[in-house]
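Engineer: Attaching a single structure in structure tokens format; questions to follow.
The values are calculated or read from the model by the stated rules, or taken from the named source; none is laboratory data. Keep in mind the model is a prediction, meaning the values are calculated, not measured. Here the Cβ positions follow ideal geometry from the backbone for every residue, glycine too, while neighbour counts run over all protein chains shown. When the accessible area is computed, the model is the full protein with side chains, heavy atoms only, and any ligands, DNA or RNA have been set aside. Shrake-Rupley method; radii C 1.70, N 1.55, O 1.52, S 1.80 Å.
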Amino acid sequence: MEGEGARVRRSIGSSQLPDLDPFLMLDEFCATKPAGFPKHPHRGFETVSYMLQGSCKHKDNAGNEGIIGPGDLQWMTAGRGVIHSEMPGSDGVNSGLQLWVNLRRSEKLVEASYQDLNHKQIPQSSCDGVKVKVIAGESLGVKSPVRTRTPTMYLDFSVEKGGKLSQPVPEKWTAFAYILTGKIYFGTSHQELCEPHHIVVFSDGPNVTFENKDNEPCHFVLIAGEPLNEPVSRHGPFVMSTPKEIDEAIMDYKMRQNGFEEKYEI
């Protein structure tokens, strides 16, 4: 459980896989009213919320608020500080993925900002039984409008029986896939079968190759990013570069200053 009664499957940010530079956390979350994620702070990184079912209502200390529904995206740069809430926006099941992306030390104290895309604004393409929604980066000839401070690729694939593809990944980037539904084989000469709610981390290479040999469709996300190779100091919702910076973040939050001013009710 996380927040207040919300259920999560945490694949990055757990004791088995504490981080995967530049990624700090990946949660598959599910919440029904009144459960959710009430008021809490962030500093030093970005949160990427991608809804799969239902909706999520967001409010922050600067007066920003909105609702993202199925297939919608919110890319939030917490930067120097945000206090916000993320609560179910509809009755029934509200589920999705939340990814935390680290920021370079030089960008950890930028002003907070948002990039919101509804499902109609996310570019899509398809080829030979493979459909992709390009949340960030580029695939099958289409490119996302999302600007990523830490270079990131985030692709949502749906693969029919017999569908296969080799997706290019930039050299030396960290890459992984998280399976949502169905089964998929990764690799070329030595293929590995992956099942729902499992993560597979890829070795450095020019492509990630996959094929669906099952009768049922497979739905998964492929995420990759450029490692920062910088020191990481973290405490709950704060991710900085040194313990001193963590202490400063905690004090700023307690004092409601330097990005944590509560100008609006959350």
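Engineer: Less than 12 Å Cβ to Cβ from PRO34, Lys/Arg counted +1 and Asp/Glu -1: what total charge do the surrounding residues give?
Structural biologist: So the environment of PRO34 carries a net charge of -1.
Engineer: Now for a different question. Helix 243-255: angle to the longest alpha-carbon principal axis of the chain, degrees 0 to 90, nearest 10?
Structural biologist: Approximately 60 degrees, to the nearest 10.
Engineer: Okay, next question. Calculate for the chain the 222 nm mean residue ellipticity that helices alone would give, adding -39,500 (n - 2.57) per DSSP H run of length 4 or more and normalising by residue count, nearest 500 deg cm²/dmol.
Structural biologist: Details: 1 runs with 13 residues, N = 266.
Rounded to the nearest 500, the figure is -1500 deg cm²/dmol.
Engineer: With the chain treated as a Gaussian network of Cα nodes joined by springs under 10 Å, which of ALA136, ALA35, ALA224 yields the largest mean-square fluctuation?
Structural biologist: ALA35
Engineer: Just to verify a number: what accessible area does ILE179 come out at with the full protein assembly present, 1.4 Å probe, Å² rounded to tens?
Structural biologist: So the heavy atoms of ILE179 present about 0 Å² to solvent.
Engineer: In addition: Given R₀ = 22 Å, FRET efficiency for THR181-VAL93 by Cβ-Cβ distance, to 0.05?
Structural biologist: The pair THR181/VAL93 has a calculated efficiency of 0.95.
Engineer: With each pseudo-label sitting 7 Å past Cα toward Cβ, what's the LYS57-LEU17 distance in nm, one decimal?
Structural biologist: The two pseudo-label positions are separated by 3.4 nm.
Engineer: If you don't mind, another one. For labels at GLU4 and GLN121 in the simple 7 Å Cα→Cβ model, what's the distance in nm?
Structural biologist: 2.9 nm
Engineer: In terms of Cα to Cα distance under 23 Å, which lysines are near enough to LYS57, apart from those fewer than 8 places away along the same chain?
Structural biologist: In chain and number order, the partners are LYS33, LYS39, LYS120, LYS133, LYS263.
Engineer: I would also like to ask the following. What length, rounded to one decimal in nm, is gained on full extension from GLU138 through to THR188, with 0.36 nm per residue of separation minus their alpha-carbon distance?
Structural biologist: Extending this stretch completely gives an extra 15.8 nm.
Engineer: Take a quick pass over segment 164-258 and tell me how many lysine pairs come in under 22 angstrom between Cα atoms, counting only ones 8 or more apart or on separate chains.
Structural biologist: Within segment 164-258, the lysine pair count is 4.
Engineer: In the set (i) 60, 42, 19; (ii) 31, 21, 16; (iii) 75, 28, 13, which value of semi-axes √(5λ) of the Cα gyration tensor in Å was calculated from the structure you see?
Structural biologist: (ii)
Engineer: Moving to a separate point now. How about segment 128-175: which trypsin sites (Lys or Arg not before Pro) there are in a DSSP loop, with at most 15 other Cβ atoms within 10 Å of their Cβ?
Structural biologist: In loop regions of segment 128-175 (DSSP not H, G, I, E or B), the sparsely surrounded trypsin sites (Lys or Arg not before Pro) are ARG147, LYS161, LYS172.
Engineer: What does a probe at HIS197 reach in segment 1-22, counting residues whose amide N is under 11 Å from the point 7 Å along Cα→Cβ?
Structural biologist: In segment 1-22, the label zone of HIS197 (backbone N under 11 Å from the point 7 Å along Cα→Cβ) covers 8-10.
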